[in-house]
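For reference, the structure discussed in these notes is given below.
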Amino acid sequence: MSDPRITSSIFTRGAVDLSALRAPAPTSTPAQAGPPAGAPGGAVGGVTVIDVTEATFQSEVLERSLNTPVVIDFWAEWCEPCKQLSPVLERLAVEGGGAWVLAKIDVDANPRLAQMFRVQGIPMVYAVVGGQPVDAFSGVVPEAQLKQWIQAVLKAGGVALTEPADPRLDEADDALMAGDLDAAERAYRKILADAPADAAAEAGLAQVGLARRVAGADPQSALAAAANPDDVDAQLLAADIEVLSGLAEQAYKRLVDTVRRTAGDDREKVRQHLIGLFTIAGPDDPAVASARRALASALF
């Protein structure tokens, strides 16, 4: 686990466009008066675990994080790894006695939040301090490492180490979110012309390619076609759909397995496709690191 800092392309460009999620604060009872009905846990005089939606994101996450670190747990009911990680996070939040707050976000009920945070697979955990994301990890981690990560977040002292946002990247992101893929591609390519190593622009451009590939595809027919392991194109499309569905690790495994079954031009085609999907998540994503090792093993 790293110290809370900007650790991947997700953060370096302010790609988590929190301004788009700001909404009027709810007029109901203030959150600090106690956890919402049915929320697990709770500390005397304050909240430790809360369920958050897009409507409550501003007050429950952004505004709260100005005074107390907020850890966001992106999860879904169908996600088995989430069922391993979430209870541990909830228990640690209660044990923390209000030193930090766990905000649980159901990706199925709040797809826009998941999209804004570029959640590629779940469980995905973000730390928000001072109104900005400062660190993240995906997958299930041992409790000892989880405690170390939380302590590092707390040591951040309420200071979010963010870099100045490039307005061109914000404009490119806005075009991508609006579905204007041509405008988004032009914007990302213009940035890369000035800064060829800009990982954020590379990730955005890869997302444009992904969006174009799945445009008009029937998810069910694509996944059904992928049941034929020898149909390389079907495997590639199924992997794209899985990434867009938050199943990045499943997509990576699908393509690594396809690499093992193929040779020559087909193998290189699959390898390049997988590298493109890695670019979307960024090199520091734990799932990408694991998949890269699996890919190296499959190739050599």
> When we measure straight from the Cα of K269, which lysines land under 20 angstrom away, once same-chain ones fewer than 8 places off are left out?
Replying inline: K253
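About the Cα centre of the stretch 64-134, what is the dipole size in debye to 20, counting +1 per Lys and Arg Cβ and -1 per Asp and Glu Cβ, all else neutral? Could the numbers behind the result be given before it?
Details: 6 positive and 7 negative charges, 48 e Å.
Around 220 debye, computed over the stretch 64-134.
When you count, for each residue, the other Cβ atoms within 10 Å and take the mean per peptide, how do 179-185, 238-244 rank with the highest first?
Details: 179-185: 15.6, 238-244: 23.3.
So the peptides 179-185, 238-244, ranked by packing, come out 238-244, 179-185.
Multiplying the sequence separation of Q84 and A183 by 0.36 nm and subtracting their Cα-Cα distance, what value in nm do you get? Could the numbers behind the result be given before it?
Details: separation 99, 0.36 × 99 = 35.64 nm, distance 4.12 nm.
Contour length minus Cα-Cα distance gives 31.5 nm.
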>> Rounded to the nearest 20 debye, what is the charge dipole size of the stretch 167-299 about its Cα centre when +1 sits on each Lys and Arg Cβ and -1 on each Asp and Glu Cβ?
In response: 500
> Between the stretch 100-145 and the stretch 200-251, what's the alpha-carbon centroid distance in Å?
Replying inline: 23
> Setting aside same-chain residues fewer than 8 positions from K104, which lysines have a Cα under 23 Å from its Cα?
Replying inline: K83, K147, K155
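Taken together, the values in this text are just the output of simple stated rules run on the coordinates, not laboratory data. Computed from a predicted structure; not experimentally measured. Here Cβ is always computed from backbone atoms with ideal geometry, including for glycine, and neighbour counts include all displayed protein chains.
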